[in-house]
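Each remark here refers to the structure printed beneath this line.
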Amino acid sequence: MRYTGGCHCGKVRFSVELPDEIEVEDCNCSVCSKFGFLHVIVPKSAFTLLDGDNELTEYRFNSGVAKHYFCATCGVKSFYIPRSNPDGVDVNLRCLDNRPPAVRVVPFDGQNWEQNAHTLAHKSA
């Protein structure tokens with residue numbers, strides 16, 4: 001099913017195709033814990049940016065592989081390109097207008113990312 005979402009001010013809008021049952025990660029790394037990001041990693045083919053490409057600001061840190069995108073107006077990070085799945089897109093569950101009927105939130109130890117990243121590698125396939 002297709003779900004829509006976006007940032008707080010509405011300038012950035014996207015759609016994403018998700019199954020009725022999803023597993024999302026609640027990461028405890030320094031950036032995710034500060035933003036409250038709940039990770040829904042999908043293949044790029046399942047994600048469509050509908051509006052706001054010109055409103056996005058990019059932030060990179062550490063290895064520089066992950067591309068964190070923020071709305072330049074309201075500051076919300078509704079999606080990004082994750083280091084664990086650079087061929088996919090990671091959507092913030094909290095930024096969806098509606099959610100799939102079955103969502104299971106699982107903890108992810110991002111404070112020890114190097115030891116745990118392999119458990120996410122299949123998410124964008």
In region 9-71, what chymotrypsin sites (Phe, Trp or Tyr not before Pro) fall in a loop by DSSP, with at most 13 other Cβ atoms inside 10 Å?
61
In the P(r) worked out for region 1-42, what percent of Cα pairs fall beyond 17 Å?
46
Rounded to the nearest 5, what % of the DSSP beta bridges within the chain are antiparallel ones?
80
Take the Cα of residue 9, step 7 Å along the line toward its Cβ, and report every residue of region 41-85 whose backbone nitrogen sits under 19 Å from that point.
50-59, 68-80
Taking every Cα atom in the chain, find the radius of gyration and the maximum pairwise distance Dmax, and write them in Å.
13.5, 37
Charge context of residue 11, other residues only, Cβ under 13 angstrom, K/R +1, D/E -1
-2
The answer for residue 28, listing residues at least 5 apart or on another chain whose modeled amide H is closer than 5 Å to its amide H, is 108, 110, 111
If you average the C-alpha positions of region 86-125 and of region 1-63 separately, how far apart do those two centres end up, in angstrom?
10
Region 4-109: trypsin sites (Lys or Arg not before Pro) falling in loop per DSSP and having at most 14 other Cβ within 10 Å
60
Listed here are the pairs 34/77; 44/77; 11/44; which of them are more than 19 Å apart at the Cα?
11/44
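Taken together, the values in this text are just the output of simple stated rules run on the coordinates, not laboratory data. Model, not experiment: these values are computed from the prediction. In this analysis, Cβ positions are derived from the backbone assuming ideal geometry, glycine residues included, and neighbour counts consider all displayed protein chains.
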